[in-house]
């Protein structure tokens, strides 16, 4: 097995077409993406629409914009270069993205913005776990310690929400499920972005995710795609253009040029941004509790430790 610069075992390099220089600095794009994604949690608080409808329209509106872009660029023929395995990966990535939005948006109805956003950002820990499972990479001591610290932080947050009742704990569980799904989505994205340019990739994956959610809505009693108030549509549009087209697309852009753990590490800024927005916006005014703050600091510290690049002495 090949080794990385620190002399430890590394996964086989991702294969694909020759790498071209980045049109935009990936690091700068990640900063903008995190700022955009941070608005997702607070924006959802401005609509009473069902989680399924919010998630579906967030994607449908984004796909509508992307359809115009990819048709104008005239490079859809690149999709034919995908083999059968990669096409299944694209379908799986879209399904994971749909499940992420569904579970995470639903969690915001049951628990606080701070708890939901912090817990859903445990995704780097699950990226490490999925890499160990599918790439056969042994966990380093530092990664194991980071996972343990993060879990303690999650327990602190959950303990604080216990006083809010079972409803908040269910919301925490949904947020954690969202973290698992989005971790799988990013791991798949790291692979497919070597083969597809950013616009074709997000068009396919967002399109699959939107189709999955629309199908679920058609068979789900009590949830429809229409009949929402003007304010709801404004929230749907804001989520599509901000957190979706700028936020998620920015992260997917960076995945072509940066390792997945680097891109995911940048997303750790989201809970800080979302908590501050939810606190400072008068319409929400959600002051984070002491246990949420302490648990969030502990959890994020664990993720930072676990997501750091391992060195030889860390391995057991």
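The values are calculated or read from the model by the stated rules, or taken from the named source; none is laboratory data. Remember, it's a predicted structure, so these values are computed and weren't measured experimentally. Using ideal geometry, Cβ is built from the backbone for each residue, glycine included, and neighbour counts are taken over all protein chains shown.
Given the conditions (1) in a helix (DSSP H, G or I); (2) at pLDDT below 80; (3) closer than 30 Å to residue 23 by Cβ, and given that residue 278 satisfies all but one, which numbered condition is not satisfied?
(3)
Looking at 172, 232, 161, which is the one that is at pLDDT below 75, touching a helix residue (DSSP H, G or I) at 6+ places or on another chain (Cβ under 9 Å) and crowded, with 16+ Cβ neighbours inside 10 Å?
Just a single option satisfies the conditions, and that option is 161.
Being free of Cβ contacts under 8 Å to residues at least 40 places away in the same chain and either closer than 22 Å to residue 181 by Cβ or in a helix (DSSP H, G or I) (or both) is the filter here, so list the residues in segment 209-229 that pass it.
215, 218, 219
Specify which of the listed residues (62, 72) is closer than 28 Å to residue 234 by Cβ, under 19 Å from the mean Cα position of the chain (by Cα), at pLDDT 90 or above and part of a helix (DSSP H, G or I). Quick ask: steps written out before the conclusion?
Working: 72 fails: under 19 Å from the mean Cα position of the chain (by Cα).
From the options 62, 72, the qualifying one is 62.
Quick check on segment 81-89. Is at least one of its residues within 30 Å of residue 276 (Cα to Cα), in a helix (DSSP H, G or I) and modelled with pLDDT of 85 or more?
Residues of segment 81-89 within 30 Å of residue 276 (Cα to Cα): none.
The answer is no, given that none of the residues of segment 81-89 is within 30 Å of residue 276 (Cα to Cα), in a helix (DSSP H, G or I) and modelled with pLDDT of 85 or more.
Looking at 202, 212, 152, which one is surrounded by fewer than 24 Cβ atoms within 10 Å (Cβ to Cβ) and at pLDDT 85 or above?
Values: 202 fails: surrounded by fewer than 24 Cβ atoms within 10 Å (Cβ to Cβ); 152 fails: at pLDDT 85 or above.
Of the residues listed, the single one that is surrounded by fewer than 24 Cβ atoms within 10 Å (Cβ to Cβ) and at pLDDT 85 or above is 212.
Could you tell me which numbered condition residue 235 fails, if it satisfies all but one of (1) touching a residue at least 12 places away in the same chain (Cβ under 8 Å); (2) in a loop (DSSP other than H, G, I, E, B)?
Against the list (1) touching a residue at least 12 places away in the same chain (Cβ under 8 Å); (2) in a loop (DSSP other than H, G, I, E, B), residue 235 comes up short only on (2).
Those residues that are part of a loop (DSSP other than H, G, I, E, B) and either modelled with pLDDT of 90 or more or surrounded by fewer than 22 Cβ atoms within 10 Å (Cβ to Cβ) (or both), I need them from segment 36-56; list them, please.
Residues of segment 36-56 part of a loop (DSSP other than H, G, I, E, B): 38-39, 45-50.
Within segment 36-56, 39, 45, 46, 47, 48, 49, 50 qualify.
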